[in-house]
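To keep things clear, I will list the structure first and then write my remarks on it.
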Amino acid sequence: EIKAEQAYREVASGASIKEVIAEHFGEVEKSRLFDVLRVPVYEYVLDFRDDLEEFTAIYHKALEEFPDCEKELKSFIKHYISVRVAKEIALRRVKNPLEKEALKNALKIKLDVRYAPPDDLVYDRAKRIFRVSDRVLAKVLRKAVRPQKR
């Protein structure tokens, strides 16, 4: 994880992702790319750092340098957006479906992507990472909240 963080900082400074991965991890493997890309997600979740512009540039650099990983990168960006939306729900900054959709669309624009996560992915991240209650999620993610068994 320390290597991944160092690698992320170097890539953020303008270095080639492939060169940095080779330098820090030896072989250039797609799993190492995602180790590096997870760094800003952890930092965001833990409130250490939040640099959306920097992440956006690195994400698009990854698409250029790893064209064979496009499908996995799309999946990762959906995860990234879902984490950001889930955190805003957890902090009660997003309180209804309209605000949630507006945030998803704003993130799509800022990240320059055409895809956003489905609500069930946001639900999963909100429950697993931020421990948001079903009561709160039901107000924001009406279709994704699973009924409670009684």
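Could you grab me the full set of residues in region 53-78 that are under 10 Å from the mean Cα position of the chain (by Cα) and surrounded by fewer than 16 Cβ atoms within 10 Å (Cβ to Cβ)?
Answer for region 53-78, where residues must be under 10 Å from the mean Cα position of the chain (by Cα) and surrounded by fewer than 16 Cβ atoms within 10 Å (Cβ to Cβ): just 75.
Here are 49, 32, 84: which of them is assigned to a helix (DSSP H, G or I) and modelled with pLDDT under 95? Steps first, answer last, please.
Numbers: 49 fails: assigned to a helix (DSSP H, G or I); 84 fails: modelled with pLDDT under 95.
The conditions single out 32.
Just to verify a result, which residue in region 94-138, among those that are without any contact (Cβ under 8 Å) to a residue 12 or more places away in the chain and over 18 Å from the mean Cα position of the chain (by Cα), is nearest to residue 44 (Cα to Cα)?
133
With (1) exposed (fewer than 15 other Cβ atoms within 10 Å of the Cβ); (2) closer than 23 Å to residue 127 by Cβ; (3) not acidic (Asp, Glu) as the list, and residue 38 as the residue in question, which single condition is left unmet?
Looking at each condition in turn, residue 38 falls short on (1).
Please find, within region 101-118, the residue that is nearest to residue 55 (Cα to Cα) out of those that are touching a helix residue (DSSP H, G or I) at 6+ places or on another chain (Cβ under 8 Å) and part of a helix (DSSP H, G or I).
Here the residue is 111.
The values are calculated or read from the model by the stated rules, or taken from the named source; none is laboratory data. Remember, it's a predicted structure, so these values are computed and weren't measured experimentally. Glycine gets a Cβ as well: all are built from the backbone with ideal geometry, and neighbour counts include every protein chain shown.
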